[in-house]
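Below you'll find the structure, written out as structure tokens, and then a few comments.
Values quoted throughout were computed directly from the atomic coordinates according to the rules given, and no laboratory measurement underlies them. Source: prediction; values computed, not measured. Backbone-built Cβ (ideal geometry, glycine too); neighbour counts: all protein chains shown.
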Protein chains: 2
Amino acid sequence: MRNMLIAQSGGPTAAINASLSGAIQEAIRSGEIGQVYGALNGIQGVVAGTIVDLKAQFKTQEDFSVLECTPAMALGSCRFRLPDPDKGKEIYDAIEAVFDKYDIGYFFYIGGNDSMDTVDKLSKYFAVKGKDVKVIGIPKTIDNDLPGSDHSPGFGSSAKFIATAMQEIIRDCYVYDTDSVTIVEIMGRHAGWLTASAALPRTVGARAPHLIYLPEVPFDPEQFIRDVKEVQSLTRNCIVAVSEGVRLADGTFAAENFQSGVVDAFGHRYLSGVGKYLESLVRDKVGCKVRSIELNVLQRCSSHLMSATDVREARRIGSYAVRFALQGHTGVMMVFERVSNKPYMVRIDAKPVSEIANREQLVPRDWINPKGNDVTEEMFDYLLPLIEGEVPYPTVNGMPVHFVIEKTVAEPVK
Amino acid sequence: MRNMLIAQSGGPTAAINASLSGAIQEAIRSGEIGQVYGALNGIQGVVAGTIVDLKAQFKTQEDFSVLECTPAMALGSCRFRLPDPDKGKEIYDAIEAVFDKYDIGYFFYIGGNDSMDTVDKLSKYFAVKGKDVKVIGIPKTIDNDLPGSDHSPGFGSSAKFIATAMQEIIRDCYVYDTDSVTIVEIMGRHAGWLTASAALPRTVGARAPHLIYLPEVPFDPEQFIRDVKEVQSLTRNCIVAVSEGVRLADGTFAAENFQSGVVDAFGHRYLSGVGKYLESLVRDKVGCKVRSIELNVLQRCSSHLMSATDVREARRIGSYAVRFALQGHTGVMMVFERVSNKPYMVRIDAKPVSEIANREQLVPRDWINPKGNDVTEEMFDYLLPLIEGEVPYPTVNGMPVHFVIEKTVAEPVK
């Protein structure tokens with residue numbers, strides 16, 4: 001029996017360890033895989049040979065449950081783009097040596113766009129070399145911008161956190177009987193999926209957010225001020241959701257222009273986001289009480305508030321990746337195909353990773369209203385099933401318990 | 001039977017509606033109170049006569065449960081300081097007229113420091129006028145700075161959110177194998193209780209935060225840089241919790257000095273917090289990857305992550321306020337007295353509000369380490385019981401359900 005190696009890469013998500021859990025469990029269940037190894041810090045760990053034994057670290061089913069409720073990569077991550085084989089021979093040699101040393105027949109890489117590029121390059125490299133190694137990508141991204149899949153694991157939990165936080169912020173906004181504007185800045189440099197999920201509280205009776213700006217539509221500061229004034233003619237509290245990535249008509253980030261004129265006390269360019277920019281715009285052009293709120297990294301690591309659908313799907317897609325590898329697939333990314341919304345059903349398949357890597361799945365223009373300041377019904381139908389269900393997590397001292405992977409480098413089994 | 005009036009004031013907390021729930025339920029249960037009225041937007045609503053009937057709005061026990069899981073004041077809030085009676089005769093006349101109109105014999109004000117000043121003034125005013133109205137303060141503050149009480153309702157849930165978010169941020173920090181500094185800015189202008197609760201993840205195995213700065217100790221930027229460098233000699237990821245209210249030795253807010261030199265693109269003074277200030281300091285003096293995170297209003301409104309202890313106590317203290325009023329107490333604030341830590345036990349009592357209003361309860365100096373960059377064991381013993389237990393909340397569409405109070409002004413019952 002050949003052994004498997006798994007690694008994680010890119011930015012953290014709340015559900016990425018559920019895919020790790022699903023893959024490890026399926027490998028054990030299959031009876032067709034020998035050792036289960038993990039590489040620390042993604043492909044960099046493969047190059048460096050920091051390989052750990054995973055099977056020995058999970059003694060009970062409870063251990064897997066704790067892992068699934070642990071945010072951010074349990075194996076660590078990296079931001080490293082594999083060069084082409086002809087430009088990075090030493091790197092490929094190092095990877096191959098580690099695969100030989102540990103007799104790796106199956107390699108799984110959980111990650112986003114850059115990681116799928118690694119899957120593409122590695123699978124082609126092994127094919128050219130005539131080495132029997134199956135290389136499979138398992139998607140994860142809170143941005144939901146991986147093409148080829150209906151959605152990506154990790155997104156649903158982030159969307160649920162954003163929807164819930166937005167709902168609570170709305171309650172916070174409405175306590176005072178004064179005119180105010182609240183701007184909530186949400187992650188997503190290019191794709192507006194996360195910002196769109198801020199609209200969801202309206203399906204449970206919330207009166208806001210009133211305005212939603214995604215990066216897919218050029219942002220017009222003057223139209224924004226007109227939009228705010230129009231909302232304020234109807235309600236005293238105007239609540240705005242804006243993507244960190246909104247751009248002006250000339251293609252530059254809205255916040256970038258704002259920052260350029262600003263230096264801090266040490267002469268550094270001030271690094272602020274679009275929330276602060278819009279806050280300043282409103283203060284200048286509208287003049288009422290205004291504040292901006294950045295939801296920040298909690299959007300991607302709030303494992304205390306995960307979507308049960310997301311965690312279940314993340315586990316399943318990890319488990320299917322192992323099955324597909326055992327069936328002989330390589331050079332593919334696992335994907336979800338949505339069968340229906342009501343009832344919500346998905347099937348899991350695999351697509352050639354070369355069709356996926358280095359491309360982005362953006363929000364369709366017709367899921368955004370013509371004025372570009374809200375989302376349409378299609379968006380609600382798409383998003384709602386993905387945030388369904390809560391995940392109970394183990395606690396000690398009133399706080400969640402997280403799983404810690406032991407980082408001792410493994411000796412190959414002879 | 002006389003009627004009761006209740007109102008909420010100051011900044012939102014996650015548990016403030018649990019006190020409202022407890023008071024309403026106790027009023028009904030007692031059989032000694034006629035109508036149960038609420039004033040919208042605190043004492044301003046009393047002055048304005050926006051009084052709503054509360055009893056009719058709760059049809060089942062489930063309604064109270066939903067109210068208790070709703071963040072921020074369900075009755076709305078205000079930031080209004082009652083003048084002395086000789087300087088605001090019209091205001092007191094308006095209040096008295098409303099009390100007469102609705103035959104109010106008991107008035108409950110849920111709030112923080114300023115609200116207790118209102119309780120003090122109103123109770124004295126009615127005493128001087130010889131009117132039989134019992135006026136009782138019910139504490140709430142996330143800052144935990146109300147003196148006379150071991151702790152205040154609302155604090156425990158905020159502390160739990162901060163501890164949990166910090167734990168998740170720590171996981172997020174440790175995924176990359178690079179030198180980095182992460183600064184988490186936490187609420188609290190004068191008291192460091194909230195920032196101290198960021199230390200709690202260390203009791204469940206987290207390796208951080210490494211440095212904790214409270215407003216009770218003067219902040220020295222040069223010592224801060226030395227502290228960071230010392231941590232970095234031991235670990236690649238340095239994680240800092242800092243109170244928004246830390247001050248330099250000269251008494252000015254650390255962030256204030258930073259801001260003074262900074263203007264935005266429109267010439268406005270840049271409103272940034274201490275997190276951005278320290279981020280800039282580290283970038284300048286240490287030079288590694290650095291980011292700052294503001295936990296923001298989620299610290300006070302995250303009802304999806306409440307402390308069961310806090311909610312239970314908030315409900316009980318609301319209920320006890322009604323019992324104490326019926327026993328004839330007035331001009332008091334309800335307080336917790338801690339009987340023991342293990343097992344955790346508190347008793348509820350009342351103290352003269354004149355001893356409480358306009359004073360602050362700060363962190364004792366000996367609960368902070370001599371260097372002023374961490375907290376001591378006493379702090380852990382104090383905090384841990386307050387964040388114990390989770391509160392299940394009702395959901396629809398994967399999001400929490402919140403209670404909405406109907407705002408129709410009530411006709412007095414003849």
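A few points about this structure:
- Cα centroid separation, the range B:365-414 to the range A:1-45 (Å): 38 Å
- Between copies, the label points at A:E406 (set 7 angstrom from Cα along Cα-to-Cβ) are spaced 6.2 nm, reported in nanometres from shortest to longest.
- Against the rule of thumb 2.2 N^0.38 Å, how large the Cα Rg of chain A comes out: 1.05
- 3J(HN,Hα) along the range B:50-58, derived from phi through the Karplus expression 6.51 cos²θ - 1.76 cosθ + 1.60 where θ = phi - 60°, amounts to 8, 10, 10, 7, 8, 4, 5, 8, 10 Hz, with x in place of Gly and Pro.
- Size of the range A:1-139 from its Cα atoms: along the principal axes, largest to smallest, the extents are 45, 33, 21 Å.
- Start at zero, step by 10 Å, and the Cα-Cα distances of the range A:351-414 spread as 13, 18, 21, 28, 15, 4, 0 percent across the bins.
- Each copy carries a label point for A:P85 at 7 Å from Cα toward Cβ; from one copy, the others' points are 9.2 nm away, ordered from shortest.
- Mean residue ellipticity, 222 nm, helices only, the protein assembly as shown: the sum of -39500 (n - 2.57) across DSSP H runs of n ≥ 4, divided by residue count and rounded to 500, is -10500 deg cm²/dmol.
- Shielding of A:161-170 by partner chains, average beta-carbon count, 10 Å: 6
- Cα Rg, Dmax, the range A:156-300, angstrom units: 14.7, 47
- For the peptide B:386-392, the mean number of other protein chain Cβ atoms found within 10 angstrom of a residue's Cβ is 3.
- Additional length obtainable on full extension of the chain from B:V404 to B:M1, 0.36 nm per residue less Cα span: 142.3 nm
- Charge dipole of the range A:315-361 about the Cα centre (unit charges at C-beta), most positive-ward option of A:I356, A:Y344, A:Q327: A:Y344
- Per-q log10 I(q)/I(0), the range B:286-414, q = 0.20, 0.21, 0.22 Å⁻¹ (Debye; single scatterer per alpha-carbon; no solvent): -1.39, -1.39, -1.39
- Springs between Cα atoms under 10 Å define the GNM used for chain A, and in it the highest mean-square fluctuation of A:G130, A:G328, A:G245 occurs at A:G130.
- For the range A:156-300, a crude dipole built from +1 on the beta carbon of Lys and Arg and -1 on the beta carbon of Asp and Glu, taken about the Cα centre, is about 300 debye to the nearest 20.
- Once the Cα atoms are used to define both axes, helix A:89-101 deviates from the longest principal axis of chain A by about 60 degrees.
- Using only the C-alpha atoms, the convex hull of the protein assembly as shown corresponds to 170 Å³ per residue.
- Here's how it looks for B:Y37: its modeled amide H is under 5 Å from those of B:M4, B:L5, B:I6, B:L54, which are all 5 or more places away or on a different chain.
- Whole-Hz couplings from phi, Karplus 6.51/-1.76/1.60, listed for the range A:391-396; x for Gly and Pro: 10, x, 10, x, 10, 9
- Label-zone membership for the range A:312-345, site A:D132, 7 angstrom Cα→C-beta point, backbone N under 19 Å: A:322-332
- Dipole magnitude of chain A, debye to nearest 20 (Cβ charges: Lys/Arg +1, Asp/Glu -1, about Cα centre): 400 debye
- Between B:V290, B:V242, B:V396, the residue with the greatest mean-square fluctuation in the GNM of chain B (Cα pairs under 10 Å linked by springs) is B:V396.
- Cβ-defined net charge surrounding B:G389, 12 Å radius [Lys, Arg +1; Asp, Glu -1]: -2
- Peptide-level mean, for A:175-186, of C-beta atoms on other protein chains within 10 Å: 4
- Surrounding net charge for A:E32, when Lys and Arg each add one and Asp and Glu each subtract one, Cβ distance under 15 Å: +2
- In order along the range B:145-151, the Karplus-derived 3J(HN,Hα) couplings, from 6.51 cos²θ - 1.76 cosθ + 1.60 at θ = phi - 60°, round to 9, 7, x, x, 10, 3, 7 Hz, and Gly and Pro are given as x.
- Comparing mean-square fluctuations of B:V339, B:V282, B:V217 from a GNM of chain B with C-alpha springs under 10 Å, the top value falls on B:V339.
- Taking the longest Cα principal axis of chain B as reference, the axis of helix B:155-173 is set at about 30 degrees.
- Extents of the range A:74-170, taken as max minus min of Cα coordinates on every principal axis and listed largest first, are 57, 26, 24 Å.
- The residues neighbouring A:Q361, those whose beta-carbon lies less than 10 Å from its own, together hold a net charge of -3 under the Lys/Arg +1, Asp/Glu -1 convention.
- Set A:K101/A:K129; A:K229/A:K289; A:K342/B:K59; A:K101/A:K407; B:K59/B:K134; B:K140/B:K351 screened for pairs whose C-alpha atoms are more than 22 Å apart: A:K342/B:K59; B:K59/B:K134
- Label distances, nm, A:E377 versus same residue in remaining copies, Cβ-directed 7 Å point: 6.5
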